[in-house]
Amino acid sequence: IYDYWDGERSSLLETPYFNIKPEEDYPQIVEANKRISRYIPRKINHPKYKNVSLSAALEFLSERDVGDFIIRPSSKGTDHLTITWKFYNDCFQHLDVREGPKNPSELVSKTLYIGDAKFESLEDIVERYIHPCNQLVKMMMSHKKKFIEGGQDYIEEILREDKMNESKIIPYYFGCFSNAPQYFVLCYLPKQDIKHVVTEYIKVKPQGLYFHGEYFTTLSDLVKYLSLIHI
């Protein structure tokens, strides 16, 4: 089941052992957005709404705490909104909010969607999507021994040092990288291997940490599962 990372797409998606949805268990790696985003300003009464561009939203949030967000117009048109969310330091997610039918007098539809999830208002999204996810991020960051700040190269260096010091263990750490927003990345070295670091992706969703087709609502449950699959 190992996903030996060599810069190519994960082979984990083809494993016969897990029924994994690529859009859920493996992120679409984010590349720099080189085009200028355009939007139509809207009048929306919500404290987190701002008529700003993507670049202005990122500039504003760069100085804010992890978990903060801005609701802004979408370049997809007036039947969409975008939530730019500071998932982690230098790691921003842009949630597409699709509006259902609305009356001409309504500023925002009373039916909103993020993917297949349905919401009744912007505040409903904040309470039922953003806040639960932020709690899960705080939970993962609290794992001081296993959550490491830094890039993937830095984590891989620590993994190899751990393996050299104690060859029989399977060292692992969690990271959060800017090119995979809304995911924590599990990095580990399997037994008898000091060269190929395995990377797997854990999506943060309101229902819990989504990994291998399962939701984990506590850190202890996730760590227990990792031990069961010999990590």
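So, with a 1.4 angstrom probe, what is the percent of accessible area on the stretch 122-206 that is carbon and sulfur? List each step's numbers first, then the result.
On the way: 1940 of 3990 Å².
Roughly 49 percent, rounded to a whole number.
Could you go through the stretch 119-134 in sequence order and give the Karplus-derived ³J(HN,Hα) for each residue, using 6.51 cos²θ - 1.76 cosθ + 1.60 with θ = phi - 60°, rounded to whole Hz, and x for Gly and Pro?
So the Karplus estimates, Gly and Pro as x, are 9, 9, 6, 5, 5, 4, 5, 4, 6, 9, 10, 5, 4, x, 5, 4 Hz.
What FRET efficiency comes out for the pair ASP65/THR111, r = Cβ-Cβ distance, R0 = 25 Å, nearest 0.05?
Between ASP65 and THR111 the formula returns 0.25.
TYR113 accessible area, nearest 10 Å², 1.4 Å probe?
50
Kindly state, to the nearest 0.05, the FRET efficiency for ILE40 paired with ILE194, given R0 = 45 Å and r defined as their beta-carbon distance.
FRET efficiency, ILE40 to ILE194: 0.25.
What FRET efficiency would be calculated for the residue pair GLU120, ILE229, taking the C-beta separation as r and a Förster radius of 30 Å, to the nearest 0.05?
My answer for the efficiency is 0.20.
If you average 1/r across every pair of different Cα atoms in the stretch 46-205 and take the reciprocal, what Kirkwood value do you get, in Å?
Hydrodynamic radius (Kirkwood, Cα only) of the stretch 46-205 equals 17.6 Å.
Sort SER105, SER74, SER55 from largest to smallest accessible area, using a 1.4 Å probe on the heavy atoms of the protein chains.
Details: SER105 100, SER74 10, SER55 80 Å².
Listed by decreasing accessible area, they come as SER105, SER55, SER74.
For the stretch 176-225, what Kirkwood radius comes out of the mean inverse Cα-Cα distance, in Å?
12.0
The values are calculated or read from the model by the stated rules, or taken from the named source; none is laboratory data. The structure displayed is predicted, hence computed values, not measured ones. With ideal geometry, Cβ positions are generated from the backbone for all residues, glycine too; neighbour counts draw on all protein chains shown. Note: accessible area is taken over every heavy atom of the protein model, side chains too, but ligands, DNA and RNA are not part of it. Shrake-Rupley method; radii C 1.70, N 1.55, O 1.52, S 1.80 Å.
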